[in-house]
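A quick write-up on the structure given underneath.
All of the numbers you see were taken from the coordinates with simple rules; none came from a lab. Every value quoted in this text rests on a predicted model; they were computed, and no experiment measured them. Backbone-built Cβ (ideal geometry, glycine too); neighbour counts: all protein chains shown.
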Amino acid sequence: MNNWTVRIRGVALAAAFTMALTGCGNGNNAGNNAGAEATTAPAESTPAAAESGTNTTAGSEPVTLNMLVSGTKAAEGADFELDTLPKLVKEKFPNVTLEVQKLPDEQYYTSVKAKLATGEGPDIFLVFPNMANMGAIEVAKAGYAADLSDLSFWDRISTSAANDMSYDGKKYAVAKGMDILGTYYNKSLFEEAGITEVPKDWTGFLAAAEQLKAAGITPIVMGDKDPWVIQFGMYQLAANSVYPADADFDKKLQTGETTLTDSKWVNTVNQYKELYDKGYVNKGSLGMASAQALQQFVDGKAAMIFTGTWDLPAISAEGAAQFERGFFALPGNQAGQPVYASAATAAGYAINAGSKNLDTAKQVFEYLYAEDSPLFQAWVDANSSISVFNGVTLKNEIFKDVLDEIQATGHAFYFPNQMWPAGVSDVMQSKFSEIIGGKKTTAEEVTKAMQDKYTELFKQ
């Protein structure tokens, strides 16, 4: 199967289609699977590999490139960014040492912004699409990201993925790929509860959750102690409740023609609230971290979990129970209406416009994204996102049904926070957490807080 080529609806203002939780492996901007301590890995000093050749155009003087990204170190095996990337850069460019630091999401945002603002930012850093926190538009306007339009590989990347990392016609970052938010499920627990197929609409989903609950099975596990995971279910529902009726909803937000207090967003919040009100989400979710929730799922203690393609390594890990995993788009639609997925361009790498080693960093990018480069192949092998590079086949069959449906119908919308000023999703999370915690907060109050923050932050 070739890379993502179908148009994602609802993003004409920003891209031909838009395809980031943390985030979110990590690095989409719906939120990331963060929480580990900061990790730093200097490059290994290894001799140049004969098969990849030695590049002398980077110069012979020793150069150290600093790279800062968000996420957590791989639980098993080599971590691509901390281990593989520095090693293969050193093999290709013996005089170049790549030092990589990986921070949990919130630490990353705070640290990288502070460093860039003082002129001491890393040579390479992680950027999210469009208007997201640390989004391409933000870093381009601030002059932090270098224009990468002159690099040679853009004709191998889908136009939409390139556009999502662009501003004013110039390209500022290279997306890791395309991520899909979805519902991972335990096929054995579905079978145990007598559920023979994945639900096709909201009523069917609620019925399946009730069936699981009646069988003594926790329908959904979420680690709401990490509040960004609230986005993982909410955006899937919004893809069905908000955007099919108004694909230009976010464009109208910018012009003031609509607001987040619109009944469509109120309905979305109420749908997600219903899952908690009916006891379909694990009790005490506010005291459970996202990593704990993932472990509960792989141990067979819950039937479903809402997260994205980036969490497949954790979802696939061996747990206390053996079972087959599945993946479907949360059907927030009404009966007889199509299911829309929530799909978005993943985060990607940018180069600091103020880097003293700008040319060297660009040469590293050329090698990283060269079709015949062993580094590119290693990146593809390690990347949990669905590739937006031409000719890269889908390797994770668990996503095939959802991806095939999107490609056939175009029924998908981007993660809403990619088109909101940074901070709006934080308010959504904090107010919805009040609902989870048992307060009498209403969906109307959640959306009003979201709109108030949007009005405060949005600038044309």
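Rounded to the nearest 20 debye, what is the charge dipole size of the chain about its Cα centre when +1 sits on each Lys and Arg Cβ and -1 on each Asp and Glu Cβ? Show your work: numbers first, answer last.
On the way: 36 positive and 54 negative charges, 161 e Å.
Roughly 780 debye for the chain.
Looking at segment 329-456 from every direction and averaging, what is the projected area of its Cα convex hull in nm²? Kindly include the intermediate steps, with their values, before the conclusion.
Numbers: hull surface 50.3 nm².
Convex hull of Cα atoms, orientation-averaged projection: 12.6 nm².
Counting other beta carbons within 10 Å of each Cβ, put Val446, Val402, Val89, Val380 in order, fewest first. Provide the component values of the computation, followed by the final result.
Details: Val446 29, Val402 20, Val89 24, Val380 14.
Starting with the residue having the fewest Cβ neighbours, the order is Val380, Val402, Val89, Val446.
In whole Hz and in residue order, list the ³J(HN,Hα) couplings for segment 389-400 that follow from phi through the Karplus curve 6.51 cos²θ - 1.76 cosθ + 1.60, θ = phi - 60°; x for Gly and Pro.
Per-residue couplings from phi come out as 8, 4, x, 8, 7, 5, 9, 9, 5, 4, 8, 4 Hz.
Any chance you could run the full-extension gain for Ala78 through Ala207? It's 0.36 nm times the residue separation minus the Cα-Cα distance, nm to one decimal.
Values: separation 129, 0.36 × 129 = 46.44 nm, distance 4.22 nm.
So the extension gain works out to 42.2 nm.
Can you pull the three principal axis extents for the Cα set of the chain, in Å, largest first?
67, 51, 40
How long is the gain from Lys439 to Lys252 if the chain were fully straight, where each residue apart is worth 0.36 nm and the alpha carbon distance is subtracted? Mind dumping the intermediate values first?
Numbers: separation 187, 0.36 × 187 = 67.32 nm, distance 3.16 nm.
Gain on extension, Lys439 to Lys252, equals 64.2 nm.
Please work out the Cα center distance from segment 67-133 to segment 311-375, rounded to the nearest Å.
Using only Cα atoms, the two centres lie 15 Å from each other.
Mind giving me the nanometre distance, one decimal, between the label points for Asn95 and Asp426, set 7 Å out from Cα along Cα→Cβ?
Distance between label points: 4.3 nm.
Can you tell me, using C-alpha contacts under 8 Å and at least 6 residues apart, the relative contact order of segment 132-222 as a whole percent?
Numbers: 63 pairs, mean separation 17.9, N = 91.
Here the relative contact order equals 20 percent.
Using packing as a proxy for protection, rank 217-228, 325-336, 127-138 so that the peptide with the highest average count of other Cβ atoms within 10 Å comes first.
Numbers: 217-228: 22.9, 325-336: 19.3, 127-138: 27.1.
Packing proxy ranking, top to bottom: 127-138, 217-228, 325-336.
Give the relative contact order (percent, whole number) for segment 177-298; include only Cα pairs under 8 Å separated by 6+ residues. Provide the component values of the computation, followed by the final result.
Numbers: 107 pairs, mean separation 44.4, N = 122.
Relative contact order here is 36 percent.
Holding the Cα-Cα limit at 32 Å, pick out from Lys362/Lys431; Lys90/Lys400; Lys187/Lys251; Lys264/Lys439 the pairs that are longer than that.
Details: Lys362/Lys431 43 Å; Lys90/Lys400 36 Å; Lys187/Lys251 39 Å; Lys264/Lys439 23 Å.
Those over the limit are Lys362/Lys431; Lys90/Lys400; Lys187/Lys251.
Ranking request for peptides 237-244, 340-347, 452-459: highest mean number of other beta-carbon atoms within 10 Å first, then the rest in descending order.
Numbers: 237-244: 24.8, 340-347: 31.9, 452-459: 14.5.
Going from most to least packed, we get 340-347, 237-244, 452-459.
Expected output is a single nm value to one decimal: the length gained when fully extending between Glu197 and Asp452, i.e. 0.36 nm times separation in residues minus the C-alpha distance. What is it?
Numbers: separation 255, 0.36 × 255 = 91.80 nm, distance 4.11 nm.
That works out to 87.7 nm of additional length.
Got the relative contact order for segment 373-455 handy, in percent, Cα pairs under 8 Å and 6 or more residues apart? The partial results should precede the final answer.
Working: 36 pairs, mean separation 16.7, N = 83.
Computed over segment 373-455, the figure is 20 percent.
So what is the calculated 222 nm ellipticity per residue for the chain, using -39500 (n - 2.57) for each DSSP H run with n of 4 or more, over all residues, to the nearest 500 deg cm²/dmol?
Values: 16 runs with 158 residues, N = 460.
Only helices count here, giving -10000 deg cm²/dmol.
Could you list Trp154, Trp379 so that the one with the fewest beta carbons within 10 Å of its beta carbon is first and the one with the most is last? If you can, show how the numbers build up before the last one.
Details: Trp154 14, Trp379 21.
In increasing order of surrounding Cβ atoms, one gets Trp154, Trp379.
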